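Visitor: Have a look at the structure that comes next, please.
The values are calculated or read from the model by the stated rules, or taken from the named source; none is laboratory data. For clarity, every value in this text was computed on a predicted model and none was experimentally measured. As a convention, Cβ positions derive from the backbone with ideal geometry for all residues, glycine included, and neighbour counts pool all protein chains shown.
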Amino acid sequence: MRQYLYGVDEKGRAVQGYELSNEEITVRFIDYGARLTDFIVRPLARNIVLGFPSLEGYLHDGASLGATVGRVANRIADACFTINGKTYSFSPNDGTHLLHSGAAGLGTALWHQGELPAEFSTAMDGADDSVCLTVTMSGEVDGFPGDAEVYMMAGLYGKELRLTYYYRTTEDSVVNITNHSYFNLNGTGDILDHEVRLYATHYAPFGRPQIPDGTVVTVKGSPFDFTAWQQIGRQLHRYKEALALYRGYDHHYVTQSLMMDMPCVMPDGTEQGIVADKILLIHENDEVKGSEEATHMLCGSFRTCDIMLTISSDAPGFQLYTGNWLDDAAGREAYGPYAGMCIEPQFIPNDVNLPAFRQSLTKKGRWYKRTIAYTVDTSMTE
């Protein structure tokens, strides 16, 4: 691992950069927001993530490029929730809702290099190169119950970048961490020629715009069906009217299921009522239990003519976002809509306010984790 001074923020604090490298991949992170700034596929000499040329861009970034987002990623409806009989309210930053935990979230915090607690010290055994970044979020600052102690381990394993987050809270609280990197496998231009396959047969439809209604719906026969390879540009054109409100995809998919008394809603609005047709949901926040490993599920893959990227996670679902609102973002080039695409493994948005979900709840003092893996394949060029 190579450490270097990346820049100085507006408070005069040094922001460090960290470079990890092996024969297949070079990646770079910065302290500010534990952000992934570069993901270079070495056989192609190509950077496949969006980013800014300097720290200033990240300090004024409204699109969370490369950021670790949380405590709670995505939206909390009406910017409030209740835990243990106490209601917590926030200043809305997305209409009436709270998005990515607001201005005091993990994506704008200054992390620093650290070491994992002793019980997790072997977490990156076998990595070709690795770094650990850590931060403690104060509940008095970000408004969430208790403080949150968070570690991110980033490691390279051949063609895979693996991010593992360990976290615990000092009070019963809520945590839903993800990484918000935008990928463009061409390294420039837009992602409209990318083909996408998602390993999910159900998604979470909205009640209000961007807020899931608490049901899970089959993707079959809908604009959200990527169970077979689909070119994203064709899908955006084909379903332009259906997706008009969002300019594209910004929707949550379910990758794991657990039999519960919740009906699966079909495209025609009917409910299938027998147990075998009842979907949902997923395990709760993954509590760390000794050396027990959570099951990783495939989320989705992007591919072009010479490269494929596959994203997997122990999260029960993920957000697909096609960069619909990247208007005039002054990154390494002048990014516009569809300049990059995200798969963000996480719990369902607003799950803290959905009684059938609430998977993001944490118990005081317990350790939890979230793992996200990005695997590249350039074998089609060999």
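Visitor: For E287, which of the numbered conditions (1) surrounded by fewer than 23 Cβ atoms within 10 Å (Cβ to Cβ); (2) touching a strand residue (DSSP E or B) at 6+ places or on another chain (Cβ under 6 Å); (3) modelled with pLDDT of 95 or more fails to hold?
Guide: E287 satisfies every listed condition except (3).
Visitor: So which of T304, T270 ends up being at pLDDT below 95, surrounded by fewer than 20 Cβ atoms within 10 Å (Cβ to Cβ) and either touching an Asp or Glu at 6+ places or on another chain (Cβ under 9 Å) or over 30 Å from V376 (Cα atoms) (or both)?
Guide: Unique residue meeting the criteria: T270.
Visitor: Which residues, counting only those in region 312-336, are part of a strand (DSSP E or B) and touching a Pro at 6+ places or on another chain (Cβ under 7 Å)?
Guide: If the condition is that a residue be part of a strand (DSSP E or B) and touching a Pro at 6+ places or on another chain (Cβ under 7 Å), then S313, F318 are the ones that fit.
Visitor: On to the next question. Report yes if S64 is without any contact (Cβ under 8 Å) to a residue 60 or more places away in the chain, out of contact with any Leu (no Cβ under 7 Å at 6 or more places or on another chain), part of a loop (DSSP other than H, G, I, E, B) and within 27 Å of R208 (Cβ to Cβ), otherwise no.
Guide: When the stated conditions are applied, S64 does not pass them.
Visitor: When you check Q319 against the structure, is it at pLDDT below 95 and touching an Asp or Glu at 6+ places or on another chain (Cβ under 6 Å), yes or no?
Guide: The answer is no for Q319.
Visitor: Here is a follow-up. Which of (1) farther than 18 Å from Y182 by Cα; (2) exposed (fewer than 13 other Cβ atoms within 10 Å of the Cβ); (3) among the charged types (D, E, K, R); (4) modelled with pLDDT under 95 does D328 not meet, given it meets every other one?
Guide: With respect to (1) farther than 18 Å from Y182 by Cα; (2) exposed (fewer than 13 other Cβ atoms within 10 Å of the Cβ); (3) among the charged types (D, E, K, R); (4) modelled with pLDDT under 95, D328 is out only on (1).
Visitor: Right, something else. How many residues does region 125-145 hold that are touching a helix residue (DSSP H, G or I) at 6+ places or on another chain (Cβ under 8 Å), over 18 Å from G107 (Cα atoms) and surrounded by fewer than 17 Cβ atoms within 10 Å (Cβ to Cβ)?
Guide: Number of matching residues: 0.
Visitor: Somewhere in region 239-259, is a residue modelled with pLDDT under 50 and over 20 Å from the mean Cα position of the chain (by Cα)?
Guide: Yes, that holds for at least one residue.
Visitor: I've got another one for you. For region 1-41, which residues satisfy the criterion of being under 24 Å from C305 (Cβ atoms) and surrounded by fewer than 15 Cβ atoms within 10 Å (Cβ to Cβ)?
Guide: Across region 1-41, the qualifying residue is only E23.
Visitor: Could you list, in sequence order, all residues of region 135-184 that are of a type in the set (S, T, Y) and out of contact with any Lys or Arg (no Cβ under 8 Å at 6 or more places or on another chain)?
Guide: Matches in region 135-184: T136, S138, Y151, Y157, S181, Y182.
Visitor: Given the conditions (1) in contact with a Pro (Cβ under 7 Å, 6 or more places away or on another chain); (2) crowded, with 20+ Cβ neighbours inside 10 Å; (3) modelled with pLDDT of 60 or more, report the number of the one that T215 does not fulfil.
Guide: (2)
Visitor: Going by the conditions given, is F318 within 11 Å of the chain's Cα centre (by Cα) and in contact (Cβ under 8 Å) with a residue 60 or more places away in the chain?
Guide: yes
Visitor: Give the residues of region 27-57 that are in a strand (DSSP E or B) and among the hydrophobic types (A, V, I, L, M, F, W, C), sorted by residue number.
Guide: Within region 27-57, V27, F29, I30, L36, F39, I40, V41, V49 meet the criteria.
Visitor: Here is a check on your reading of the model: is L59 of a type outside the set (K, R) and more than 21 Å from the chain's Cα centre (by Cα)?
Guide: Answer is no for this residue.
Visitor: Among the residues of region 54-62, is there at least one that is aliphatic (A, V, I, L, M), closer than 24 Å to F302 by Cα, out of contact with any His (no Cβ under 9 Å at 6 or more places or on another chain) and modelled with pLDDT of 95 or more?
Guide: There is no residue in region 54-62 that is aliphatic (A, V, I, L, M), closer than 24 Å to F302 by Cα, out of contact with any His (no Cβ under 9 Å at 6 or more places or on another chain) and modelled with pLDDT of 95 or more.
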